[in-house]
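**Student:** Input: one structure, supplied below.
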Amino acid sequence: MKNSNRKVSLSALMTGSVTGIVLLAILAALVFFIRLYEKSMEENAVTNSEQSVVQVMNTIESYTDGMKDDMELICRALQSDSEEQEAFISNFVTIRSDVVAVTTYNAEGGMENCWSDGLTMKSGESVNLSQGIIQEDEKIHLSQPHVESLFENYYPWVVTAYRTINGRNGELIQVSMDLRFSGIANYVDDVGIGKHGYCFVMDTEGNLIYHPQQQLIYSGLKSERTGELKGKEDGYYAYSEVIYTVRTLENSSWRVVGVSYVDEMITNRVASMVRVCLVIMIMVLLTAFLMGYLFSRLFGRPAKQLAEAMKEFEHDAEGFHFTPMEGTQEIQALAGSFDHMVIQIQQLMEQVREEEISLRKTELKALQAQINPHFLYNTLDSIAWMCEEERSSEAVEMVNALARLFRISISRGKELIPLEKEVEHAQSYLKIQNYRYRNQFTYDFHIEEDCLKYLCNKITLQPIIENAIYHGLDRMVDEGHIDITIRTESEDTILLVVEDNGVGMTEEQCHEILYRENSDRVGIGIKNVNDRIRIYFGEKYGLKLFSELDEGTRVEIRIPRILESEYEAKD
């Protein structure tokens with residue numbers, strides 16, 4: 001008899017739990033995101049509207065400021081003598097294509113003068129929309145846009161700037177200047193907020209100055225909330241269908257109003273985003289269900305991590321650090337074995353590296369211990385010759401120099417000695433060679449005393465000097481010279497320079513001397529010196545050769561600033 005009570009498997013339980021948790025999390029996140037997105041869209045709509053309004057406001061302010069500046073020029077001209085004012089204003093209206101007319105009126109309102117660019121005045125009386133009310137405050141006032149009514153067959157849309165001034169004889173004069181409003185109107189028409197939003201201009205009393213849909217406004221087919229907006233401060237005001245953004249011009253009583261539609265800027269976008277979120281939610285749920293099912297079945301992640309760790313170890317065994325991962329018992333056993341193998345391999349690598357360095361040091365020390373038999377034979381031969389010639393004092397000096405040379409070379413088995421001892425070793429060597437070569441060359445030491453306390457590899461300068469004598473000075477007809485300089489190069493580096501005025505070398509010869517194997521011909525060799533410095537101090541230190549034929553050779557040696565106490569503490 002089959003058991004009718006089915007048990008829920010762990011795999012199904014894990015998959016259902018993960019899917020349920022993901023579903024609840026997505027629904028909560030979706031509600032929160034939609035609210036946040038709706039608020040963000042509203043702020044974005046207000047920002048876009050405000051940017052458009054500010055653009056229009058700046059343009060109109062620039063336009064009205066220009067009008068006022070032009071009015072100032074005209075008023076000054078009218079207060080000058082009649083010939084100058086006639087010439088200036090006539091030229092002004094001719095040059096400025098946006099200026100339709102400049103007119104003056106007396107205190108009774110009668111027109112006295114009118115300047116235009118070749119336009120014909122209407123005959124008889126007509127309604128003059130460009131004449132303002134006589135003001136005594138001498139401020140510049142702006143009219144509402146209107147149709148120019150002074151000229152025959154010419155009716156442009158203009159705005160009038162007018163001001164009351166004292167004439168040359170003290171009488172009150174009203175000066176009016178009509179400018180085309182088409183430029184600013186076209187700019188307002190071109191500014192859009194979204195696909196259907198727009199800007200319009202009103203004054204602080206709620207009167208429309210300009211509206212892109214002015215014909216619909218005047219025909220009653222469209223209306224704006226100018227009555228409500230006139231009493232409101234600058235800012236934005238949201239209604240059920242539209243959002244108004246209001247800004248007042250600093251130089252006049254005009255206000256720029258931006259209109260954006262809620263459906264276009266917010267509602268439609270939020271609805272579109274909701275649809276996208278629903279699609280994403282379904283995809284996430286399907287993915288969560290599938291991944292939960294697969295992972296609950298396969299437990300593949302730990303195995304993948306172990307494989308990736310093995311690949312990483314294969315590419316960088318020396319710097320690899322393994323952290324065992326959690327997983328099934330089998331995975332943990334594999335991870336433990338791999339961890340043990342990594343530690344053993346790294347220990348073996350370190351051991352091999354240390355043995356290689358130790359072997360290299362031993363080889364260098366063996367070479368360093370070798371005394372060039374030619375040098376020793378020639379030195380002893382020179383001493384014997386001095387004794388035969390009864391030059392005993394010179395022979396004694398040469399023997400003492402040779403003794404100092406050997407004593408410092410031994411240096412109690414130490415590889416690093418103070419620079420002071422190294423300089424003494426080099427001086428002894430140069431003294432011996434100077435006797436041997438019968439004063440065919442001179443030499444000078446230029447040493448910073450503070451550098452002598454720092455350590456260097458022993459027998460560092462002697463091979464370089466030997467190379468200078470053998471390759472540079474030995475082939476010269478004239479007297480040779482060697483300069484040895486020791487100075488501080490930086491906070492952590494000391495520079496040793498050996499420079500001669502010998503015959504010089506080619507680039508190939510420099511490379512051969514620096515990298516070839518050692519030979520008896522050049523003692524322990526320059527390559528030996530370079531290798532020892534790099535083994536003890538690192539790749540950033542060592543030798544550099546610079547040479548030109550018939551000019552000489554310069555060898556630079558860089559070593560770190562290390563005191564004996566620091567080196568002993570490190571050991």
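**Student:** For H340, tell me the accessible area in Å² from a 1.4 Å probe, rounded to the nearest 10.
**Tutor:** 110 Å²
**Student:** Amide H to amide H under 5 Å from T442: which residues, 5+ apart in sequence or cross-chain, H placed 1.01 Å off N in plane?
**Tutor:** Correct list: G480, H481, I482.
**Student:** With a 10 Å radius around each residue's Cβ, average the other Cβ atoms per peptide and rank 60-71, 147-158, highest first.
**Tutor:** Working: 60-71: 17.0, 147-158: 15.4.
Listed from highest to lowest mean packing, they are 60-71, 147-158.
**Student:** Which GluC sites (Glu not before Pro) from segment 459-551 combine a DSSP loop assignment with at most 16 other Cβ atoms within 10 Å? Present the calculation step by step, with values, prior to reporting the outcome.
**Tutor:** Numbers: sites: E466, E479, E489, E491, E499, E507, E508, E512, E517, E539, E548, E551; in loops: E479, E491, E517, E539, E551.
Loop-located and lightly packed - E479, E491, E517, E539, E551.
**Student:** Going through segment 168-230, which trypsin sites (Lys or Arg not before Pro) have at most 13 other Cβ atoms within 10 Å and a DSSP loop state? Intermediate values should be presented prior to the final figure.
**Tutor:** Details: sites: R168, R180, K195, K222, R225, K230; in loops: R168, K195, K222, R225, K230.
Taking segment 168-230 and a limit of 13 other Cβ atoms within 10 Å, the loop trypsin sites (Lys or Arg not before Pro) found are R168, K195, K222.
**Student:** Please work out how much length the chain gains when fully extended from E308 to F289, using 0.36 nm per residue of separation minus the C-alpha to C-alpha distance, in nm with one decimal.
**Tutor:** Numbers: separation 19, 0.36 × 19 = 6.84 nm, distance 2.59 nm.
Gain in length upon complete extension: 4.2 nm.
**Student:** For N439 and E356, what does the FRET efficiency come to when R0 = 41 Å and r is the distance between their Cβ atoms, rounded to the nearest 0.05? Spell out each step's value before the answer.
**Tutor:** Working: r = 46 Å, r/R0 = 1.12.
With R0 = 41 Å, the Cβ-Cβ based efficiency is 0.35.
**Student:** Please give the peptides 555-563, 181-189 ranked by average Cβ packing (other Cβ atoms within 10 Å per residue), highest first, as a rough proxy for protection.
**Tutor:** Working: 555-563: 18.7, 181-189: 16.4.
Highest to lowest by the protection proxy: 555-563, 181-189.
**Student:** Would you tell me the accessible area of S565, worked out with a 1.4 angstrom probe on the heavy atoms of the protein chains, in Å² to the nearest 10?
**Tutor:** Estimated to the nearest 10 Å², S565 gives 80 Å².
**Student:** So which aspartates and glutamates pass the test for K304, namely a Cα distance under 16 Å, with those fewer than 8 places away in the same chain ruled out?
**Tutor:** Cross-link targets: E312, E314, E326, E330, D339.
**Student:** Hey, can you grab everything whose amide H is under 5 Å from the amide H of A101? Only 5+ residues off in sequence or another chain; H modelled, so Pro and N-termini drop out.
**Tutor:** Residues meeting the amide H criterion: D178.
**Student:** Another one. Work out how much length N169 to A28 would gain on full extension: take 0.36 nm times their residue separation and subtract the Cα-Cα distance, in nm to one decimal.
**Tutor:** Full extension of this stretch gives 42.6 nm more.
**Student:** Which residues' amide hydrogens lie under 5 Å from the amide hydrogen of T493, considering only partners 5 or more residues apart or on another chain, with H built in the peptide plane?
**Tutor:** HN-HN under 5 Å from T493: R561.
**Student:** Let me ask another. Let's test the formula: R0 of 60 Å, r as the Cβ-Cβ distance of Q51 and F338. What FRET efficiency results, to the nearest 0.05? Mind showing how you got there, number by number?
**Tutor:** Numbers: r = 61 Å, r/R0 = 1.01.
According to the calculation, E is roughly 0.50.
**Student:** How much length is gained on full extension from D117 to T488, taking 0.36 nm per residue of separation minus their Cα-Cα distance?
**Tutor:** The D117-T488 span can extend by a further 125.1 nm.
**Student:** Pairs K68/K222; K414/K540; K414/K544; K453/K527; K421/K527: which exceed 27 Å Cα-Cα?
**Tutor:** On the way: K68/K222 33 Å; K414/K540 23 Å; K414/K544 25 Å; K453/K527 25 Å; K421/K527 22 Å.
Pairs exceeding 27 Å: K68/K222.
The values are calculated or read from the model by the stated rules, or taken from the named source; none is laboratory data. Note that the structure is a prediction, hence the values are computed from the model and not measured. Here the Cβ is made from the backbone with ideal geometry for all residues, glycine too, and neighbour counts use every protein chain on show. With ligands, DNA and RNA removed, areas are computed over all heavy atoms of the protein, side chains included. Shrake-Rupley method; radii C 1.70, N 1.55, O 1.52, S 1.80 Å.
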